[in-house]
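Colleague: The following block contains the structure, expressed as structure tokens.
Each value in this text was obtained by applying a stated rule to the coordinates, not by laboratory testing. If you're wondering where the values come from, they're calculated on a predicted model, not measured in any experiment. Here the Cβ positions follow ideal geometry from the backbone for every residue, glycine too, while neighbour counts run over all protein chains shown.
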Amino acid sequence: MKRAQSKLLRRLKECEDTFWNLDYQEKEIERRDTDAQYAQHLVCLHPSMANFLRYETTNQRQLYRALAELERLQSLRRENPVAPGRGLDA
């Protein structure tokens, strides 16, 4: 009888742990969804954010082009030519 009670209590504890783990995971998912909705709301709330992101992308592209050109010119100086248009990660 005691052995059955002990086994039942262990199983109950496992179920309780599983419940709390699932509850934690559900709350974490809800938090992430809420954060994503808030971020989306901020972007939608401020139209200037779309312009900012567009200009940020353009600036990054220009930076990578300039770095690729710098790499090409440095390579030419070292007499180890690299074909034009070759990117940094090529």
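Colleague: Packing-wise, with mean Cβ within 10 Å as the measure, how do 67-74, 25-32 rank, highest first?
Modeller: 67-74, 25-32
Colleague: A follow-up question, please. Put a dot 7 Å past each Cα toward the Cβ at GLU28 and LEU9; how far apart are the dots in nm?
Modeller: Here the answer is 3.0 nm between the modelled labels.
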